[in-house]
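The values are calculated or read from the model by the stated rules, or taken from the named source; none is laboratory data. All of these numbers come straight from a predicted model, not from anything done at the bench. Reconstructed Cβ throughout: ideal geometry from the backbone, glycine too, with neighbour counts over all protein chains shown. Quick note on the areas: whole protein, heavy atoms, side chains included, nothing else; ligands and nucleic acids left out. Shrake-Rupley method; radii C 1.70, N 1.55, O 1.52, S 1.80 Å.
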Amino acid sequence: MALLRVNRVSLAIQRNMPSRPTRRTAAAAFIAAGTGAFAAPASTATAPALPATPVGSPHDFDFEHGSWHTALRRRLRPLSGSDVWIEYAGTTLVRPVLGGRANLVELDVTGPQGRIQGLSLRLFEAERQRWTLNFSNLASGTLAAPMSGGFGGSPHGLFYSVEEFNGRQILVRFVIESTNADRCRFEQAFSADAGATWETNWIAVDTRA
């Protein structure tokens, strides 16, 4: 799976990395996945409210366990008005841990802007019935702000976080679509206006290896 920001996730971009990338993911996403472009945890003083998300279940990510081929596109300069995208290709490995109530995602892709390597730890919080997506990229060696959400019993997972990007508080949305047993799609978007509008910056498609 592609990490967030991923929220895939949930990444090490060896050159031309935007100022403190988010996820995202890697997340992204990491974007990952969660996940994509990356952001720092937000200051709570000015943070926008998180939108509601579907509930999760301990087996939401069972479909993704295993090895995948990853095709990734990321917007080079999110929230700048630019529409320049860069493509990457590589692999994703998803392993269940702790009896399946957690999983580890390893992303390794390469493209014209260098190599992205990231890790996403997904944990199921039984009390809230939500998953948290916790992403780290190899370049920073630290965790991004966790994303929270679930699948609500459907093939469509929805996750949000509040993060800081280029000095402002933004919402980060990470969507995971399980299209069939051998294909899944990940998309990360940023909102600088509390969710009124969204700009997609990270799209990854995984096909089973």
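Test of understanding: among Leu104, Leu72, Leu93, Leu123, which residue is in a strand (DSSP E or B), modelled with pLDDT of 95 or more, crowded, with 23+ Cβ neighbours inside 10 Å and not polar (S, T, N, Q)?
Leu72
Taking the conditions exactly as written (at pLDDT below 95 and either loosely packed, with under 15 Cβ neighbours inside 10 Å or not small (Gly, Ala, Ser) (or both)), does Gly99 satisfy them or not?
Answer is yes for this residue.
Does Phe151 fit the bill of being within 22 Å of Arg77 (Cβ to Cβ), aromatic (Phe, Trp, Tyr) and buried (at least 18 other Cβ atoms within 10 Å of the Cβ)?
Details: within 22 Å of Arg77 (Cβ to Cβ): no; aromatic (Phe, Trp, Tyr): yes; buried (at least 18 other Cβ atoms within 10 Å of the Cβ): yes.
Taking the combined requirement at face value, the residue does not satisfy it.
With open to solvent by less than 40 Å² (accessible area, probe 1.4 Å), more than 24 Å from Leu143 (Cβ to Cβ) and touching a strand residue (DSSP E or B) at 6+ places or on another chain (Cβ under 9 Å) as the only criterion, which of Gly66, Gly56 stands out?
Just one listed residue meets the conditions, Gly66.
Filter the stretch 75-90 down to residues that are farther than 30 Å from Arg168 by Cα and buried (at least 16 other Cβ atoms within 10 Å of the Cβ), then give me how many there are.
Counting residues in the stretch 75-90 that are farther than 30 Å from Arg168 by Cα and buried (at least 16 other Cβ atoms within 10 Å of the Cβ) gives 1.
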